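The values are calculated or read from the model by the stated rules, or taken from the named source; none is laboratory data. None of the values given here were measured: they were computed from a predicted structure. A quick note on method: Cβ atoms are made from the backbone with ideal geometry, for glycine too, and the neighbour counts reach across all protein chains shown. These area figures cover heavy atoms from the full protein model, side chains too; ligands, DNA and RNA do not enter into them. Shrake-Rupley method; radii C 1.70, N 1.55, O 1.52, S 1.80 Å.
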Amino acid sequence: VGLFETEAERFGFREVQHAAPGDVLLFGVHSTRPNHCAVYLGDGRMAHHLPGRLSVVENIGGWATRILRTMRRTA
């Protein structure tokens, strides 16, 4: 079990059904468990960083099928 699954609530995050700007999107990249995240910017865009690449802002597009959870900081 990873930190995304065990520590989110401790740090004030709760799962939500629909993303709003500033929410965290948790993805499973080649996995059924969360192992990558992005910040939702609104209008179908997100900011994220993959190992070995520069950080990018891009459309969610094909990433949408990999979203496992959407988290919002409430504390």
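Results, tabulated for the structure shown:
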{"read-out": "Residue within the range 39-56 that is touching a residue at least 24 places away in the same chain (Cβ under 8 Å) and in a strand (DSSP E or B) present", "value": "yes"}
{"read-out": "Qualifying positions in the range 57-75 - without any contact (Cβ under 8 Å) to a residue 40 or more places away in the chain and surrounded by 11 or more Cβ atoms within 10 Å (Cβ to Cβ)", "value": "57, 58, 59, 60, 63, 64, 66"}
{"read-out": "Residue in the range 22-48 that is nearest to residue 63 (Cα to Cα), counting only those that are open to solvent by 60 Å² or more (accessible area, probe 1.4 Å) and either touching a strand residue (DSSP E or B) at 6+ places or on another chain (Cβ under 6 Å) or at pLDDT 95 or above (or both)", "value": "45"}
{"read-out": "Residue count, the range 31-54 (criterion: polar (S, T, N, Q) and farther than 27 Å from residue 9 by Cβ)", "value": "0"}
{"read-out": "Where residue 4 falls short, out of the listed (1) open to solvent by 30 Å² or more (accessible area, probe 1.4 Å); (2) on the phi < 0 side of the Ramachandran plot; (3) assigned to a loop (DSSP other than H, G, I, E, B); (4) at pLDDT below 95", "value": "(3)"}
{"read-out": "Residues being over 21 Å from residue 50 (Cβ atoms) and open to solvent by less than 100 Å² (accessible area, probe 1.4 Å) - total across the range 9-21", "value": "6"}
